[in-house]
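Read the structure below first, then the notes.
The values are calculated or read from the model by the stated rules, or taken from the named source; none is laboratory data. Small disclaimer: the values here were computed from a predicted structure and weren't measured. Note that we place each Cβ from the backbone using ideal geometry, even for glycine, and neighbour counts take in every protein chain shown. Accessible surface areas use protein heavy atoms only, side chains included; no ligands, DNA or RNA. Shrake-Rupley method; radii C 1.70, N 1.55, O 1.52, S 1.80 Å.
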Amino acid sequence: MTNLRQDAWTKDEDAILAEVTLRHIREGSTQLVAFEEVGEKLTRTPAACGFRWNSLIRKQYDKAIAEAKKVRKERNKRKVKQHLSTIEESVAAHHSHSNNSNPNEKPLTLNEIILFLQQLQIEEPSAKNLEAENSALLSKLQQLKKENGNLKSKLSKVNKEYETVNRDYKEVLQIMDRARKLVEVPVRN
């Protein structure tokens, strides 16, 4: 296994991260998959890529993200239309062959089928995106918890050092005060 990098990000790496993430958004993939791809290319963890994207790079690409989402939406509309035409053909073929169906059974209308399929198309990517986003957020949470633990440890160490220095300072003041009192000579008349 290759060692994962922890050095600073370069402009080229930021550009790769943005390019791959935007491509995945356009194609209807998840950002998590994009972060995994970028991580492999740059020998970084997907979590590091996700953190970099969400904390810095994403803000610089608002217009490009909106455009990528627009492209994805248009692409999905074309897919729905293609699926619907295929289903219409299938329903028409089935309808012409179903002369012996139950006369009391009400057949589904084409509009009902279309609405059902459109709703299914809308819900499925949304659920996958939520799962991917949840996974990325959990990863980020773990990273932030670790960082928080490190910072608490450093703070505790600094507090202990402060207490030691403060104690030493007070002792030095006491010694200086005693020395001053020893040096003072009482004034005699």
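So that you can scan it fast, the table gives a plain yes or no per residue for (1) in a helix (DSSP H, G or I); (2) closer than 20 Å to N3 by Cα; (3) of a type in the set (K, R):
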position: I25; (1), (2), (3): yes, no, no
position: G28; (1), (2), (3): no, no, no
position: L32; (1), (2), (3): yes, no, no
position: E36; (1), (2), (3): yes, yes, no
position: R44; (1), (2), (3): no, yes, yes
position: A47; (1), (2), (3): yes, yes, no
position: G50; (1), (2), (3): yes, yes, no
position: S55; (1), (2), (3): yes, no, no
position: A64; (1), (2), (3): yes, no, no
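So P103 passes all but one of these: (1) of a type outside the set (G, A, S); (2) closer than 30 Å to L32 by Cβ; (3) open to solvent by 70 Å² or more (accessible area, probe 1.4 Å); (4) modelled with pLDDT under 80. Which condition number does it fail?
Checking P103 against (1) of a type outside the set (G, A, S); (2) closer than 30 Å to L32 by Cβ; (3) open to solvent by 70 Å² or more (accessible area, probe 1.4 Å); (4) modelled with pLDDT under 80, the one that fails is (2).
If K77 meets every condition in (1) closer than 26 Å to E36 by Cα; (2) open to solvent by 50 Å² or more (accessible area, probe 1.4 Å) apart from one, which number is that one?
All conditions are met except number (1).
How many residues does the stretch 15-60 contain that are basic (K, R) and over 23 Å from K73 (Cβ atoms)?
3
Among the residues of the stretch 133-146, is any open to solvent by 80 Å² or more (accessible area, probe 1.4 Å), at pLDDT 90 or above and charged (D, E, K, R)?
Among the residues of the stretch 133-146, at least one is open to solvent by 80 Å² or more (accessible area, probe 1.4 Å), at pLDDT 90 or above and charged (D, E, K, R), which makes the answer yes.
Under 8 Å between Cβ atoms, which residue pairs at least 6 apart in sequence (or on different chains) link something in the stretch 66-84 that is closer than 20 Å to Q119 by Cβ and touching a residue at least 12 places away in the same chain (Cβ under 8 Å) with a partner that is open to solvent by 80 Å² or more (accessible area, probe 1.4 Å) and outside any helix (DSSP H, G or I)?
As it stands, the answer is R72/E27; R75/E27, since those pairs meet every condition given.
Modelled with pLDDT under 70 and open to solvent by 90 Å² or more (accessible area, probe 1.4 Å): is that true of E123 in this structure?
Here the answer is yes, as E123 does meet what is asked.
Examine the stretch 155-163 for a residue that is touching a residue at least 24 places away in the same chain (Cβ under 8 Å) and surrounded by 10 or more Cβ atoms within 10 Å (Cβ to Cβ), and state whether such a residue exists.
So far as the stretch 155-163 goes, no, none of its residues is touching a residue at least 24 places away in the same chain (Cβ under 8 Å) and surrounded by 10 or more Cβ atoms within 10 Å (Cβ to Cβ).
For (1) at pLDDT 95 or above; (2) among the polar types (S, T, N, Q), each residue gets a yes or a no:
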{"residue": "E19", "(1), (2)": "yes, no"}
{"residue": "S29", "(1), (2)": "no, yes"}
{"residue": "T43", "(1), (2)": "no, yes"}
{"residue": "R58", "(1), (2)": "no, no"}
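Do any residues in the stretch 12-24 that are open to solvent by 50 Å² or more (accessible area, probe 1.4 Å) have Cβ atoms under 7 Å from those of residues that are part of a helix (DSSP H, G or I) and not basic (K, R), where the two are at least six apart or on different chains, and which pairs are they?
Here the result reads I16/V38; I16/L42, each pair linking the stretch 12-24 to a residue that is part of a helix (DSSP H, G or I) and not basic (K, R).
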